[in-house]
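Just so it is clear, none of the values below were taken in a lab; they were calculated from the coordinates. Quantities reported herein were computed from a predicted structural model and do not represent experimental measurements. Note that each Cβ is placed from the backbone with ideal geometry, even for glycine, and that neighbours are counted across all protein chains shown.
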Number of protein chains: 2
Amino acid sequence: MAKKTPTLKRCDPSPVKLNPDPTADDFAKLAWAIAHPARVQIVRFLIGRHACVCGEIVQQLPLAQSTVSQHLKILKESGLIQGEVDGPKVCYCINPVRLKQLKSLVAGL
Amino acid sequence: MAKKTPTLKRCDPSPVKLNPDPTADDFAKLAWAIAHPARVQIVRFLIGRHACVCGEIVQQLPLAQSTVSQHLKILKESGLIQGEVDGPKVCYCINPVRLKQLKSLVAGL
DNA sequence: ATCGTTTATCGTAGATTGCCGATTAACTGA
DNA sequence: TCAGTTAATCGGCAATCTACGATAAACGAT
């Protein structure tokens, strides 16, 4: 009992193992997709409008068309949004399944 | 009726205004904090353990100590975690308020 | 006071991001 | 067919991120 630590311990010393976190990569990927203000706005905009044309998104943001296209590409690669060709235009919309995945991953933290 | 668009419209043409999104920056900041697999694991680890020492996190990850320290710094700057000096060690823990903010922002999408 | 432990910071290198203008590709309509 | 519109891609530049080893700072213990 001489070695009893006198300092009050704030840290839990229980040896809990770190679970393998197989979803960490996917989680990070989804988080990365919305880790930029412009992309947050795009996602919110698409949710609010259900679906809309690329050009409209460009008009709403103070960014060049090419830059917005890059952001849309990133969002598309994450699976959060989908682009459907509609004539010369492209109609973007939210992927509800993927959005739900993001929500449950964050909610499960 | 000759000008009736023959193509079925998938896109909603209703003119909905894009709300100013004052939280977009903060949202992106929080998302950025967990936009890396290592940081996702750190956050999950801290949630699972309630609190723990920096060195333990380093042991759990296949990264150098300095790299983990950088990730911890990013997480701390986002407000998601807090570091409390406990002698020569530093005890990290989740900031529940900030975590709840992240959850509600994502849930509110 | 000095040593050992623990963590943060510095400096560096390579890769990636964000932004833009310019160009290209795809499609419609006259 | 040809012109016009729409969106994606290319090339380039500055900035940031990630990772590491090495070093410095803070603290407890002897």
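Key figures
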| read-out | value |
| --- | --- |
| Members of the stretch B:32-46 that are in contact (Cβ under 8 Å) with a residue 12 or more places away in the chain and either aliphatic (A, V, I, L, M) or under 16 Å from B:Gln101 (Cα atoms) (or both) | B:Trp32, B:Ala33, B:Ile34, B:Ala38, B:Ile42, B:Val43, B:Leu46 |
| Yes/no for B:Ile47 being of a type in the set (Val, Ile, Thr) and surrounded by 17 or more Cβ atoms within 10 Å (Cβ to Cβ) | no |
| Test: A:Lys89 is basic (Lys, Arg) and out of contact with any strand residue (DSSP E or B) (no Cβ under 8 Å at 6 or more places or on another chain) | no |
| Tally, over the stretch B:72-92, of residues that are farther than 23 Å from A:Trp32 by Cα and not small (Gly, Ala, Ser) | 8 |
| Tally of residues being away from DNA strand D (no atom under 12 Å from the Cβ) and of a type in the set (D, E, K, R) across the stretch B:46-100 | 5 |
| Residues satisfying the stated conditions in the stretch A:36-92, i.e. within 18 Å of B:Ala24 (Cα to Cα), of a type in the set (D, E, K, R) and more than 11 Å from DNA strand C (Cβ to nearest atom) | A:Arg44, A:Arg49 |
